[in-house]
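Step one of this worksheet: look at the structure below.
The values are calculated or read from the model by the stated rules, or taken from the named source; none is laboratory data. Everything numeric here is computed off the predicted structure, so don't read it as measured data. Positions of Cβ are backbone-derived with ideal geometry, glycine not excepted, and every protein chain shown enters the neighbour counts.
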Amino acid sequence: MALPDETALRLLATRKIETGALPQAAPDSAFAGKGSGLPCSLCEQPITPDEYEFEYANGGVEVPRFHLRCQEIWRLALTEWETPPPRAPMGASHSR
């Protein structure tokens with residue numbers, strides 16, 4: 001089964017990070033290996049034995065696991081989520 005497109009996965013990753021369905025910080029340790037057939041924590045599609053599976057130890061009961069592409073999108077979404085948007089300079093006016 002094909003994975004959703006990158007834009008859809010980025011939006012989904014952001015939503016899952018905001019709701020706590022995915023970790024809000026990258027755990028310190030990760031493991032990679034052959035897919036177990038369990039669902040990806042981002043796209044929820046099975047990670048088949050012919051794909052790489054990335055698992056993150058987070059100290060909780062649920063172990064986040066990802067396809068390679070989904071893991072990269074989650075990490076990117078984490079970076080964007082943790083970085084506040086730029087502020088307008090002091091004294092800048094948006095009215096004319």
What are the pairs with Cβ atoms under 7 angstrom where one residue, in the stretch 61-76, is farther than 12 Å from Leu9 by Cβ and the other, located anywhere, is polar (S, T, N, Q)? Sequence gap at least six, or different chains.
Pro64/Ser41; Pro64/Asn58; Arg65/Ser41
Out of Leu22, Leu42, sole residue that is modelled with pLDDT of 95 or more, among the hydrophobic types (A, V, I, L, M, F, W, C) and either in contact with a Cys (Cβ under 9 Å, 6 or more places away or on another chain) or not in a strand (DSSP E or B) (or both)
Leu42
Do we find a residue being surrounded by 14 or more Cβ atoms within 10 Å (Cβ to Cβ), within 15 Å of the chain's Cα centre (by Cα) and over 19 Å from Asp5 (Cα atoms) anywhere in the stretch 64-74?
yes
